[in-house]
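Chemist: Take this structure first; my questions come after.
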Amino acid sequence: FVPSPDAHVELSGGGPAGLALDEANRRLYVLTRFDNEVKVVDLDAFAEVARHRLDSAEPAHVVAGRPFL
């Protein structure tokens, strides 16, 4: 395996922290911690097709500081 920028999927938000593969439906679900969302990636189109915000009890200043950790 040789990583290549051509094989990367650009995701909004940033800070990917977890993956779940739905192989039957060709979808990849990615938890992004900087914006506390789950991104849905279409593996055939190789692109983000949806995003779902998760509820959080954290104050806004904590969420805003995540990219700096």
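Chemist: What single numbered condition from (1) in contact (Cβ under 8 Å) with a residue 12 or more places away in the chain; (2) touching a strand residue (DSSP E or B) at 6+ places or on another chain (Cβ under 8 Å) fails to hold for F34?
Modeler: Among (1) in contact (Cβ under 8 Å) with a residue 12 or more places away in the chain; (2) touching a strand residue (DSSP E or B) at 6+ places or on another chain (Cβ under 8 Å), F34 violates only (2).
Chemist: Continuing with the same structure: Looking only at the stretch 12-51, which residues are out of contact with any helix residue (DSSP H, G or I) (no Cβ under 9 Å at 6 or more places or on another chain), outside any strand (DSSP E or B) and either of a type in the set (D, E) or open to solvent by less than 50 Å² (accessible area, probe 1.4 Å) (or both)?
Modeler: S12, G13, E23, L43, D44
The values are calculated or read from the model by the stated rules, or taken from the named source; none is laboratory data. No experiment lies behind these values; they were computed from the predicted model shown. Here Cβ is always computed from backbone atoms with ideal geometry, including for glycine, and neighbour counts include all displayed protein chains. When the accessible area is computed, the model is the full protein with side chains, heavy atoms only, and any ligands, DNA or RNA have been set aside. Shrake-Rupley method; radii C 1.70, N 1.55, O 1.52, S 1.80 Å.
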